[in-house]
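The values are calculated or read from the model by the stated rules, or taken from the named source; none is laboratory data. The structure presented is a predicted model; accordingly, all values stated were derived computationally and were not measured. Because the Cβ atoms are built from the backbone with ideal geometry, glycine has one as well, and the counts that use them run over all protein chains shown. What goes into the accessible areas is simple: the full protein's heavy atoms, side chains included, and nothing from ligands, DNA or RNA. Shrake-Rupley method; radii C 1.70, N 1.55, O 1.52, S 1.80 Å.
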Amino acid sequence: MAADSDAPSLRDRLRDAFWERHANPKSGWSRTLTGPLLALALYRRDRRLLALALAFTALNPVLFGRPDPDDRSWMTRAVRAERWWTESGNGTVDLGWPNVLNAANVPAFGYALVAAYRRRPIRATVALAVSMALKFSWIEVIARRYDAAVAGDTGEDQSRP
(Lines give C-alpha, C1' and ligand atoms only; values in the text may rest on other atoms or scores of the structure.)
Protein backbone atom coordinates (compact mmCIF):
# COMPACT_ATOMS: atom_id res chain seq x y z
CA MET A 1 0.00 0.00 0.00
CA ALA A 2 1.54 3.32 -1.05
CA ALA A 3 1.69 6.20 1.40
CA ASP A 4 -0.37 9.27 0.59
CA SER A 5 2.17 11.90 -0.51
CA ASP A 6 -0.12 14.70 0.75
CA ALA A 7 -0.27 13.29 4.27
CA PRO A 8 1.87 15.15 6.79
CA SER A 9 4.94 13.31 8.01
CA LEU A 10 5.28 12.14 11.59
CA ARG A 11 7.76 14.95 12.18
CA ASP A 12 5.25 17.52 10.88
CA ARG A 13 2.47 16.08 13.02
CA LEU A 14 4.69 16.13 16.13
CA ARG A 15 5.79 19.72 15.41
CA ASP A 16 2.15 20.77 14.94
CA ALA A 17 1.15 19.07 18.19
CA PHE A 18 4.05 20.73 20.03
CA TRP A 19 3.15 24.22 18.81
CA GLU A 20 -0.57 23.79 19.39
CA ARG A 21 -0.15 22.47 22.93
CA HIS A 22 2.35 25.24 23.66
CA ALA A 23 -0.24 27.77 22.41
CA ASN A 24 -2.35 26.90 25.45
CA PRO A 25 -2.24 30.05 27.61
CA LYS A 26 -1.45 27.90 30.65
CA SER A 27 1.72 26.75 28.91
CA GLY A 28 2.86 30.23 27.95
CA TRP A 29 2.06 31.95 31.23
CA SER A 30 3.52 29.21 33.41
CA ARG A 31 6.65 29.27 31.26
CA THR A 32 7.19 32.91 32.25
CA LEU A 33 7.86 31.64 35.76
CA THR A 34 10.86 29.56 34.71
CA GLY A 35 13.25 32.52 34.56
CA PRO A 36 12.57 33.62 38.14
CA LEU A 37 12.59 29.97 39.24
CA LEU A 38 16.03 29.44 37.67
CA ALA A 39 17.31 32.61 39.34
CA LEU A 40 15.92 31.48 42.70
CA ALA A 41 17.55 28.08 42.32
CA LEU A 42 20.91 29.72 41.61
CA TYR A 43 20.48 32.20 44.45
CA ARG A 44 19.70 29.42 46.94
CA ARG A 45 22.25 27.01 45.41
CA ASP A 46 19.43 24.48 45.30
CA ARG A 47 20.24 21.70 42.83
CA ARG A 48 16.83 20.07 43.15
CA LEU A 49 15.05 23.33 42.40
CA LEU A 50 17.40 23.92 39.47
CA ALA A 51 16.70 20.43 38.11
CA LEU A 52 12.95 20.98 38.57
CA ALA A 53 13.12 24.34 36.77
CA LEU A 54 15.10 22.88 33.87
CA ALA A 55 12.79 19.86 33.59
CA PHE A 56 9.73 22.13 33.64
CA THR A 57 11.29 24.31 30.95
CA ALA A 58 11.82 21.28 28.73
CA LEU A 59 8.44 19.65 29.38
CA ASN A 60 6.24 22.74 29.58
CA PRO A 61 5.32 22.97 25.89
CA VAL A 62 3.70 19.52 25.98
CA LEU A 63 2.19 19.49 29.48
CA PHE A 64 -1.01 21.24 28.50
CA GLY A 65 -3.73 20.35 26.01
CA ARG A 66 -4.47 22.19 22.81
CA PRO A 67 -6.35 25.45 23.31
CA ASP A 68 -9.71 26.17 21.75
CA PRO A 69 -9.04 26.90 18.04
CA ASP A 70 -10.85 30.23 18.46
CA ASP A 71 -8.85 31.23 21.54
CA ARG A 72 -7.73 34.85 21.08
CA SER A 73 -5.94 35.26 24.40
CA TRP A 74 -2.73 37.27 24.25
CA MET A 75 -0.51 34.31 25.09
CA THR A 76 -2.14 32.02 22.53
CA ARG A 77 -1.73 34.70 19.87
CA ALA A 78 1.86 35.19 21.02
CA VAL A 79 2.79 31.53 20.55
CA ARG A 80 0.99 31.30 17.23
CA ALA A 81 2.76 34.48 16.13
CA GLU A 82 6.13 33.06 17.16
CA ARG A 83 5.49 29.95 15.09
CA TRP A 84 4.36 32.03 12.12
CA TRP A 85 7.40 34.30 12.50
CA THR A 86 9.96 31.50 12.60
CA GLU A 87 8.28 29.38 9.91
CA SER A 88 8.27 32.46 7.67
CA GLY A 89 12.05 32.29 7.65
CA ASN A 90 12.71 34.90 10.31
CA GLY A 91 15.16 34.31 13.08
CA THR A 92 14.50 35.29 16.65
CA VAL A 93 17.80 36.92 17.63
CA ASP A 94 19.60 39.42 15.42
CA LEU A 95 20.13 43.15 15.15
CA GLY A 96 17.11 43.84 12.93
CA TRP A 97 13.76 45.00 14.26
CA PRO A 98 12.10 43.44 16.25
CA ASN A 99 14.64 40.66 16.85
CA VAL A 100 17.01 43.14 18.48
CA LEU A 101 14.63 42.99 21.47
CA ASN A 102 15.39 39.27 21.83
CA ALA A 103 19.09 39.95 21.25
CA ALA A 104 19.06 42.41 24.16
CA ASN A 105 17.10 39.91 26.22
CA VAL A 106 19.96 37.38 26.13
CA PRO A 107 22.54 39.43 28.10
CA ALA A 108 19.85 40.80 30.41
CA PHE A 109 18.73 37.29 31.34
CA GLY A 110 22.33 36.09 31.59
CA TYR A 111 23.15 38.96 33.93
CA ALA A 112 20.07 38.14 36.02
CA LEU A 113 21.33 34.58 36.49
CA VAL A 114 24.85 35.75 37.35
CA ALA A 115 23.48 38.32 39.82
CA ALA A 116 21.31 35.64 41.42
CA TYR A 117 24.28 33.32 41.75
CA ARG A 118 26.31 36.13 43.30
CA ARG A 119 23.39 36.75 45.67
CA ARG A 120 22.59 40.22 44.47
CA PRO A 121 18.78 40.00 44.68
CA ILE A 122 17.97 43.56 43.63
CA ARG A 123 20.22 43.37 40.58
CA ALA A 124 18.83 39.94 39.70
CA THR A 125 15.25 41.17 40.06
CA VAL A 126 15.83 44.28 37.95
CA ALA A 127 17.64 42.29 35.26
CA LEU A 128 14.84 39.69 35.21
CA ALA A 129 12.27 42.48 34.86
CA VAL A 130 14.22 44.01 31.97
CA SER A 131 14.60 40.58 30.35
CA MET A 132 10.89 39.84 30.62
CA ALA A 133 9.94 43.31 29.34
CA LEU A 134 12.18 42.81 26.30
CA LYS A 135 10.72 39.35 25.62
CA PHE A 136 7.13 40.55 26.00
CA SER A 137 7.88 43.55 23.75
CA TRP A 138 9.24 41.24 21.04
CA ILE A 139 6.19 39.02 21.36
CA GLU A 140 3.83 42.00 21.12
CA VAL A 141 5.48 43.26 17.92
CA ILE A 142 5.34 39.90 16.16
CA ALA A 143 1.79 39.25 17.47
CA ARG A 144 0.63 42.51 15.88
CA ARG A 145 2.29 41.54 12.61
CA TYR A 146 0.70 38.09 12.82
CA ASP A 147 -2.73 39.62 13.47
CA ALA A 148 -2.33 41.92 10.48
CA ALA A 149 -1.24 39.03 8.25
CA VAL A 150 -4.13 36.83 9.37
CA ALA A 151 -6.67 39.66 9.04
CA GLY A 152 -5.35 40.51 5.59
CA ASP A 153 -5.08 36.92 4.43
CA THR A 154 -6.45 36.97 0.93
CA GLY A 155 -4.67 33.85 -0.17
CA GLU A 156 -1.61 35.85 -1.17
CA ASP A 157 1.85 34.97 0.12
CA GLN A 158 2.11 36.30 3.68
CA SER A 159 5.45 34.62 4.35
CA ARG A 160 7.46 37.84 4.61
CA PRO A 161 6.39 39.61 7.80
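Among the residues of region 7-24, what is the count of those that are surrounded by fewer than 14 Cβ atoms within 10 Å (Cβ to Cβ) and part of a loop (DSSP other than H, G, I, E, B)? The qualifying residues number 3.
For the condition of a type in the set (A, V, I, L, M, F, W, C), buried (at least 16 other Cβ atoms within 10 Å of the Cβ), assigned to a helix (DSSP H, G or I) and within 20 Å of the chain's Cα centre (by Cα), residue 108 qualifies. Of everything in region 25-39 that is surrounded by fewer than 17 Cβ atoms within 10 Å (Cβ to Cβ) and touching a residue at least 40 places away in the same chain (Cβ under 8 Å), the residue that is farthest from residue 68 (Cα to Cα) is 32. Taking (1) surrounded by fewer than 19 Cβ atoms within 10 Å (Cβ to Cβ); (2) in a helix (DSSP H, G or I); (3) modelled with pLDDT of 95 or more in turn, residue 57 satisfies each apart from (3). In this structure, is residue 95 more than 23 Å from residue 16 (Cβ to Cβ) and open to solvent by less than 40 Å² (accessible area, probe 1.4 Å)? So residue 95 fails the test.
Among the residues making up region 40-54, a single one is within 19 Å of residue 112 (Cα to Cα) and surrounded by fewer than 10 Cβ atoms within 10 Å (Cβ to Cβ): 47. For region 66-79, a residue qualifies if it is open to solvent by less than 80 Å² (accessible area, probe 1.4 Å) and more than 14 Å from residue 29 (Cα to Cα), and exactly one does: 71.
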